[in-house]
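Asks: Have a look at this one before I ask anything.
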Ligand code: PMP
């Protein structure tokens with residue numbers, strides 16, 4: 001790709017300077033961090049460490065400002081209407097649970113329908129299983145084609161007059177394909193249902209516009225976006241968040257407390273009980289700025305180039321089957337695959353012997369694995385900082401897998 005300085009980009013990531021070879025192709029599980037993100041976290045503790053939202057002294061106010069500035073940046077990043085719509089959480093899982101406990105438990109009634117796509121990560125399934133069990137709502141599934149497509153007909157059939165909540169991944173962590181969220185929100189809203197979008201896999205790869213998607217809630221994790229572990233985001237439409245009871249209660253989420261009662265703080269703090277991860281938020285802001293500096297278009301172009309290179313190479317290897325679209329550009333860097341006759345754990349171990357890190361298992365999507373008729377798969381996931389040489393090394397190693405397991409060429 002023109003105007004892409006591979007070495008300069010690699011140089012931004014300290015982990016690639018560590019001793020010993022590393023070909024990191026597990027980016028969908030967690031991304032690597034650039035130095036500017038590590039520096040932002042360190043700078044918070046070195047320059048303005050105090051408990052935010054409490055201190056009436058200068059340092060405390062600095063800490064609060066850093067934290068609230070990060071919220072404004074996330075607001076801009078998602079094109080939310082105002083910063084009050086941005087709630088900091090630990091991760092996607094906590095954000096989705098917040099919606100399940102706070103919104104679903106208070107709103108759903110017996111017979112209401114919760115619609116969840118079959119390809120959801122367990123983090124966007126178990127909270128709805130819980131909500132259905134507790135409220136008497138019915139859990140229904142939005143089925144996909146075997147290649148991961150959510151067809152318009154299937155969506156139209158699945159969303160009914162009883163649907164009250166739809167939970168769907170923006171990008172599945174198994175297929176990598178961008179799901180038609182806008183079409184889903186349009187249909188769901190016609191029936192008066194809200195839509196919860198799991199953006200854990202989309203936030204690192206494509207720009208997100210919550211207003212264009214018309215998402216009611218949207219969650220992502222900082223660590224997949226090159227920020228530290230332990231900071232995540234829930235976006236929610238202001239009128240919905242305002243009407244919801246708090247998820248966790250305790251310090252910093254109140255306005256006034258008496259012996260038997262409390263008046264909760266306004267948004268967003270009503271949903272941020274206890275001491276917050278301000279350094280993580282500041283580092284998330286740095287991660288967003290870093291990605292914006294590279295530019296989403298360049299980033300996507302680079303990831304698509306590397307993904308297509310890997311995809312085309314994998315297609316040539318006998319016994320390798322890739323899940324999802326037959327078009328490499330529709331994978332958002334995610335290549336989930338099986339190797340005939342070889343357990344995915346063995347695939348991962350053989351690649352690991354060549355210092356190549358890929359994921360193997362059910363990818364926290366067991367209902368999808370059941371539907372596809374596989375117990376587990378391997379997954380290589382690519383980020384823009386990977387290199388063409390790394391992709392070649394991965395393909396070379398993958399070509400040896402069946403031979404090493406005793407099969408002929
Ligand atoms: N949803 C999707 C689609 C994911 O890929 C993941 C992470 N594997 C999650 C949710 C959960 O993210 P976290 O563990 O950061 O809460």
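No lab work stands behind these numbers, since they all come straight from the coordinates. In this text, all values refer to a predicted model and were calculated from it rather than measured experimentally. Cβ atoms come from the backbone with ideal geometry, glycine included; neighbour counts cover every protein chain shown.
Asks: Can you tell me the orientation of helix 296-315 relative to the chain, as the angle in degrees between its alpha-carbon axis and the longest Cα principal axis, to the nearest 10?
Replies: 40
Asks: Anyone know which of 358, 197, 374 comes out most mobile in the 10 Å Cα GNM of the chain?
Replies: Of the options given, 374 has the highest mean-square fluctuation.
Asks: How would you classify the range 38-291 from its alpha-carbon gyration tensor, with a ≥ b ≥ c the square roots of the eigenvalues: rounded for a/c under 1.5, else prolate if a/b is greater than b/c, otherwise oblate?
Replies: Working: a/c = 2.38, a/b = 1.46, b/c = 1.63.
Oblate, since a/c reaches 1.5 and b/c is not below a/b.
Asks: Further, regarding this structure: Using the scaling law 2.2 N^0.38 Å as the reference, what is the normalised Cα Rg of the range 88-165? Walk me through the numbers on the way to the answer.
Replies: Values: Rg = 13.0 Å, N = 78, 2.2 N^0.38 = 11.5 Å.
Normalised Rg, Cα atoms only: 1.13.
Asks: Compute the angle between helix 278-294 and the longest alpha-carbon principal axis of the chain, please, reported from 0 to 90 degrees and rounded to the nearest 10.
Replies: Relative to the chain, helix 278-294 is tipped by roughly 50 degrees.
Asks: Ranked highest first by the average count of other Cβ atoms within 10 Å around their residues, in what order do 92-100, 319-327 fall?
Replies: Details: 92-100: 25.2, 319-327: 17.0.
Final packing ranking: 92-100, 319-327.
Asks: Let me check against my output: what whole-number percent is the relative contact order of the chain, with C-alpha pairs under 8 Å and at least 6 apart? Could the numbers behind the result be given before it?
Replies: On the way: 805 pairs, mean separation 84.5, N = 409.
About 21 percent, as a whole number.
Asks: Test of understanding: in a Gaussian network model of the chain with alpha carbons linked when under 10 Å, which of 217, 175, 16 would top the mean-square fluctuation ranking?
Replies: 16
Asks: While we're on this one: Relative contact order for the range 215-342 using alpha-carbon pairs under 8 Å, separation at least 6, rounded to a whole percent?
Replies: Details: 144 pairs, mean separation 22.3, N = 128.
After rounding, I find 17 percent.
Asks: Quick one: helix 126-135 against the long Cα principal axis of the chain, what's the angle to the nearest 10°, folded into 0 to 90?
Replies: 40
Asks: Also, I was wondering about something else. If I build a Gaussian network model for the chain, linking alpha-carbon pairs within less than 10 angstrom, which residue out of 375, 258, 397 has the largest mean-square fluctuation?
Replies: In this elastic network of the chain, the residue with the biggest mean-square fluctuation among 375, 258, 397 is 258.
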